[in-house]
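The values are calculated or read from the model by the stated rules, or taken from the named source; none is laboratory data. Keep in mind that what you see is a predicted model, and the values were worked out from it rather than measured. Counting neighbours? That spans all protein chains shown, and the Cβs are built from the backbone with ideal geometry, glycine included. Please note that ligands, DNA and RNA were not included when accessible areas were found on the heavy atoms of the full protein model with its side chains. Shrake-Rupley method; radii C 1.70, N 1.55, O 1.52, S 1.80 Å.
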Amino acid sequence: KNEVEQSPQNLTAQEGEFITINCSYSVGISALHWLQQHPGGGIVSLFMLSSGKKKHGRLIATINIQEKHSSLHITASHPRDSAVYICAVRGGAQKLVFGQGTRLTINP
Amino acid sequence: NAGVTQTPKFRVLKTGQSMTLLCAQDMNHEYMYWYRQDPGMGLRLIHYSVGEGTTAKGEVPDGYNVSRLKKQNFLLGLESAAPSQTSVYFCASDRTSGRPNNEQFFGPGTRLTVL
(Lines give C-alpha, C1' and ligand atoms only; values in the text may rest on other atoms or scores of the structure.)
Protein backbone atom coordinates (compact mmCIF):
# COMPACT_ATOMS: atom_id res chain seq x y z
CA LYS A 1 0.00 0.00 0.00
CA ASN A 2 1.38 3.40 -0.97
CA GLU A 3 2.07 5.84 1.83
CA VAL A 4 0.10 8.52 -0.06
CA GLU A 5 -3.11 7.66 -1.88
CA GLN A 6 -5.06 10.07 -4.06
CA SER A 7 -8.58 9.77 -5.39
CA PRO A 8 -9.87 9.87 -7.95
CA GLN A 9 -7.03 9.07 -10.36
CA ASN A 10 -8.89 10.75 -13.21
CA LEU A 11 -11.66 13.32 -13.08
CA THR A 12 -13.57 14.96 -15.92
CA ALA A 13 -16.04 17.75 -15.24
CA GLN A 14 -17.86 20.59 -16.93
CA GLU A 15 -16.80 24.18 -16.61
CA GLY A 16 -18.24 25.76 -13.49
CA GLU A 17 -18.46 22.57 -11.43
CA PHE A 18 -17.12 22.29 -7.89
CA ILE A 19 -14.14 19.93 -7.82
CA THR A 20 -12.81 17.86 -4.92
CA ILE A 21 -9.60 15.82 -4.96
CA ASN A 22 -8.75 13.69 -1.95
CA CYS A 23 -5.46 12.63 -0.41
CA SER A 24 -4.98 10.07 2.36
CA TYR A 25 -1.68 9.22 3.97
CA SER A 26 -0.52 6.57 6.40
CA VAL A 27 2.51 8.14 8.08
CA GLY A 28 3.06 10.93 10.57
CA ILE A 29 3.78 14.16 8.78
CA SER A 30 5.07 17.64 9.46
CA ALA A 31 3.43 19.18 6.39
CA LEU A 32 1.34 18.31 3.35
CA HIS A 33 1.85 19.88 -0.06
CA TRP A 34 -0.48 20.23 -3.02
CA LEU A 35 1.24 20.65 -6.37
CA GLN A 36 -0.01 21.32 -9.88
CA GLN A 37 1.57 19.89 -13.03
CA HIS A 38 0.41 21.43 -16.28
CA PRO A 39 0.36 19.58 -19.62
CA GLY A 40 3.67 21.24 -20.47
CA GLY A 41 5.21 19.35 -17.56
CA GLY A 42 6.14 22.12 -15.14
CA ILE A 43 5.37 21.55 -11.45
CA VAL A 44 4.34 24.39 -9.16
CA SER A 45 3.49 24.40 -5.49
CA LEU A 46 -0.11 25.41 -4.70
CA PHE A 47 -0.30 24.95 -0.95
CA MET A 48 1.74 23.81 2.00
CA LEU A 49 -0.27 23.16 5.14
CA SER A 50 0.10 21.42 8.47
CA SER A 51 -3.34 22.16 9.94
CA GLY A 52 -6.70 23.68 9.12
CA LYS A 53 -7.45 25.30 5.83
CA LYS A 54 -5.85 27.58 3.25
CA LYS A 55 -7.45 29.49 0.37
CA HIS A 56 -5.93 31.04 -2.72
CA GLY A 57 -8.35 32.42 -5.26
CA ARG A 58 -10.69 29.62 -6.32
CA LEU A 59 -8.56 26.93 -4.67
CA ILE A 60 -9.08 25.71 -1.13
CA ALA A 61 -7.01 23.09 0.69
CA THR A 62 -7.99 21.45 3.96
CA ILE A 63 -6.28 18.93 6.18
CA ASN A 64 -7.48 16.73 9.04
CA ILE A 65 -4.42 15.52 10.93
CA GLN A 66 -6.35 13.06 13.11
CA GLU A 67 -7.91 11.36 10.08
CA LYS A 68 -4.72 11.67 7.98
CA HIS A 69 -6.68 13.18 5.13
CA SER A 70 -6.54 16.28 2.97
CA SER A 71 -8.78 17.67 0.25
CA LEU A 72 -8.18 20.13 -2.54
CA HIS A 73 -11.26 21.98 -3.77
CA ILE A 74 -11.67 24.10 -6.88
CA THR A 75 -14.69 26.37 -7.09
CA ALA A 76 -16.14 27.58 -10.39
CA SER A 77 -13.79 25.31 -12.34
CA HIS A 78 -12.39 26.50 -15.67
CA PRO A 79 -10.68 24.69 -18.56
CA ARG A 80 -7.39 26.32 -17.56
CA ASP A 81 -7.60 24.31 -14.30
CA SER A 82 -6.99 21.16 -16.35
CA ALA A 83 -3.80 19.66 -14.99
CA VAL A 84 -2.44 16.88 -12.81
CA TYR A 85 -2.78 17.65 -9.10
CA ILE A 86 -0.26 15.98 -6.83
CA CYS A 87 -0.40 15.49 -3.08
CA ALA A 88 2.88 15.08 -1.22
CA VAL A 89 3.67 14.66 2.47
CA ARG A 90 6.78 15.57 4.38
CA GLY A 91 7.46 12.94 7.02
CA GLY A 92 9.97 12.36 9.76
CA ALA A 93 12.91 12.15 7.40
CA GLN A 94 11.94 15.56 6.02
CA LYS A 95 11.76 14.23 2.47
CA LEU A 96 8.61 14.49 0.36
CA VAL A 97 6.62 11.37 -0.49
CA PHE A 98 4.31 11.84 -3.47
CA GLY A 99 0.94 10.49 -4.45
CA GLN A 100 0.36 9.26 -7.99
CA GLY A 101 -1.54 12.38 -8.97
CA THR A 102 -5.08 13.14 -10.11
CA ARG A 103 -5.58 14.07 -13.74
CA LEU A 104 -8.29 16.74 -13.94
CA THR A 105 -9.96 17.70 -17.22
CA ILE A 106 -12.44 20.56 -17.32
CA ASN A 107 -14.52 20.73 -20.47
CA PRO A 108 -15.97 24.04 -21.70
CA ASN B 1 15.43 35.22 -10.01
CA ALA B 2 15.53 32.31 -12.43
CA GLY B 3 14.45 29.86 -9.69
CA VAL B 4 15.45 26.30 -10.53
CA THR B 5 16.88 25.61 -13.97
CA GLN B 6 17.80 22.32 -15.61
CA THR B 7 19.93 21.49 -18.62
CA PRO B 8 19.39 19.90 -21.01
CA LYS B 9 15.61 19.87 -21.58
CA PHE B 10 15.69 16.83 -23.85
CA ARG B 11 18.25 14.13 -24.54
CA VAL B 12 18.37 10.84 -26.39
CA LEU B 13 21.06 8.35 -25.42
CA LYS B 14 22.09 4.92 -26.62
CA THR B 15 22.39 2.12 -24.09
CA GLY B 16 25.75 2.33 -22.36
CA GLN B 17 26.36 6.02 -22.99
CA SER B 18 26.94 8.42 -20.14
CA MET B 19 25.62 11.88 -19.44
CA THR B 20 25.27 14.50 -16.74
CA LEU B 21 22.16 16.53 -15.95
CA LEU B 22 22.77 19.92 -14.41
CA CYS B 23 20.49 21.62 -11.91
CA ALA B 24 21.04 25.17 -10.70
CA GLN B 25 19.12 27.30 -8.20
CA ASP B 26 19.58 30.94 -7.27
CA MET B 27 17.47 31.00 -4.08
CA ASN B 28 20.27 30.08 -1.67
CA HIS B 29 18.43 26.87 -0.77
CA GLU B 30 20.20 24.35 1.41
CA TYR B 31 18.44 21.22 0.15
CA MET B 32 18.35 19.96 -3.42
CA TYR B 33 16.69 16.87 -4.88
CA TRP B 34 16.62 14.77 -8.02
CA TYR B 35 13.38 12.94 -8.87
CA ARG B 36 12.22 10.79 -11.73
CA GLN B 37 8.65 10.69 -12.98
CA ASP B 38 7.31 7.66 -14.83
CA PRO B 39 3.81 7.06 -16.24
CA GLY B 40 1.37 5.85 -13.59
CA MET B 41 3.81 6.47 -10.76
CA GLY B 42 4.37 9.36 -8.45
CA LEU B 43 7.59 11.30 -8.35
CA ARG B 44 10.34 9.15 -6.87
CA LEU B 45 13.42 10.47 -5.13
CA ILE B 46 16.74 9.42 -6.67
CA HIS B 47 19.30 11.31 -4.58
CA TYR B 48 19.28 14.43 -2.48
CA SER B 49 21.63 16.85 -0.79
CA VAL B 50 21.25 18.73 2.47
CA GLY B 51 24.10 21.10 1.77
CA GLU B 52 27.24 21.81 -0.22
CA GLY B 53 29.51 18.78 -0.30
CA THR B 54 26.87 16.34 0.95
CA THR B 55 24.73 13.79 -0.88
CA ALA B 56 22.44 10.96 0.17
CA LYS B 57 20.51 8.14 -1.49
CA GLY B 58 16.79 8.36 -2.05
CA GLU B 59 14.26 5.73 -3.00
CA VAL B 60 15.69 4.70 -6.41
CA PRO B 61 19.44 5.53 -6.45
CA ASP B 62 20.82 2.59 -8.45
CA GLY B 63 22.47 3.55 -11.73
CA TYR B 64 22.85 7.20 -10.76
CA ASN B 65 25.52 9.30 -9.08
CA VAL B 66 25.35 12.88 -7.86
CA SER B 67 27.62 15.67 -6.76
CA ARG B 68 27.09 19.00 -4.99
CA LEU B 69 30.40 20.83 -5.22
CA LYS B 70 28.73 24.24 -5.10
CA LYS B 71 25.65 25.17 -3.08
CA GLN B 72 23.76 26.36 -6.13
CA ASN B 73 24.43 23.32 -8.34
CA PHE B 74 23.39 19.67 -8.10
CA LEU B 75 24.56 17.29 -10.82
CA LEU B 76 23.00 13.94 -11.69
CA GLY B 77 25.15 11.47 -13.60
CA LEU B 78 24.32 8.33 -15.52
CA GLU B 79 27.51 6.35 -16.04
CA SER B 80 26.06 3.66 -18.32
CA ALA B 81 22.54 4.47 -19.43
CA ALA B 82 19.91 1.72 -19.63
CA PRO B 83 16.44 1.76 -21.26
CA SER B 84 14.92 1.53 -17.75
CA GLN B 85 16.28 5.03 -17.12
CA THR B 86 14.02 6.50 -19.80
CA SER B 87 12.03 9.00 -17.77
CA VAL B 88 11.40 12.64 -17.02
CA TYR B 89 13.83 13.97 -14.44
CA PHE B 90 12.99 16.84 -12.13
CA CYS B 91 15.30 18.77 -9.90
CA ALA B 92 13.93 20.64 -6.89
CA SER B 93 15.19 22.73 -4.01
CA ASP B 94 13.95 23.99 -0.67
CA ARG B 95 14.88 24.71 2.93
CA THR B 96 16.12 28.10 3.76
CA SER B 97 18.09 28.05 6.96
CA GLY B 98 16.07 27.86 10.17
CA ARG B 99 12.69 26.97 8.67
CA PRO B 100 11.51 23.38 9.21
CA ASN B 101 8.86 23.36 6.51
CA ASN B 102 9.39 24.98 3.18
CA GLU B 103 7.76 25.15 -0.20
CA GLN B 104 9.66 23.05 -2.71
CA PHE B 105 10.56 24.65 -6.04
CA PHE B 106 10.86 22.50 -9.15
CA GLY B 107 12.86 22.83 -12.32
CA PRO B 108 11.17 22.44 -15.73
CA GLY B 109 12.25 18.83 -16.17
CA THR B 110 14.55 16.89 -18.50
CA ARG B 111 13.01 14.30 -20.81
CA LEU B 112 15.54 11.49 -21.29
CA THR B 113 15.12 8.61 -23.71
CA VAL B 114 17.55 5.69 -23.68
CA LEU B 115 17.44 3.53 -26.80
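Annotations
Let's see how each residue does on (1) in contact with an Asp or Glu (Cβ under 8 Å, 6 or more places away or on another chain); (2) within 22 Å of A:MET48 (Cβ to Cβ):
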position	(1), (2)
B:CYS23	no, yes
B:ASP26	no, yes
B:GLN37	no, yes
B:LEU45	yes, yes
B:LEU69	yes, no
B:PHE74	no, yes
B:ALA81	no, no
B:GLN85	no, no
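- Residue ID - farthest from the other protein chains (Cβ to nearest Cβ), chosen from residues in region A:77-108 that are closer than 21 Å to B:TYR48 by Cβ and open to solvent by 40 Å² or more (accessible area, probe 1.4 Å): A:GLY92
- Some residue of region A:33-56 being in contact (Cβ under 8 Å) with a residue 40 or more places away in the chain, open to solvent by less than 70 Å² (accessible area, probe 1.4 Å) and more than 10 Å from chain B (Cβ to nearest Cβ): yes
- Test for A:SER71: is it over 25 Å from B:ARG95 (Cβ atoms), open to solvent by less than 40 Å² (accessible area, probe 1.4 Å) and assigned to a loop (DSSP other than H, G, I, E, B): no
- Selection count where residues are in contact with a Pro (Cβ under 9 Å, 6 or more places away or on another chain) and open to solvent by 60 Å² or more (accessible area, probe 1.4 Å), scope region A:1-32: 2
- Some residue of region B:30-41 being at the interface with another protein chain (Cβ under 10 Å from one of its Cβ atoms), within 16 Å of B:GLY107 (Cβ to Cβ) and surrounded by fewer than 16 Cβ atoms within 10 Å (Cβ to Cβ): no
- Taken as a whole, the structure places B:SER67 among residues that are away from chain A (no Cβ under 11 Å), more than 30 Å from A:THR102 (Cα to Cα) and at pLDDT 95 or above.
- Filter result (assigned to a loop (DSSP other than H, G, I, E, B), open to solvent by less than 60 Å² (accessible area, probe 1.4 Å) and within 20 Å of B:THR5 (Cβ to Cβ)) within region B:53-76: B:TYR64, B:ARG68, B:LYS71
- The set of residues in region A:9-32 that are in a strand (DSSP E or B), within 14 Å of another protein chain (Cβ to nearest Cβ) and either over 16 Å from A:GLN100 (Cα atoms) or among the acidic types (Asp, Glu) (or both) contains only A:ALA31.
- B:TYR48 modelled with pLDDT under 95, of a type in the set (Phe, Trp, Tyr) and closer than 26 Å to A:GLY40 by Cα: yes
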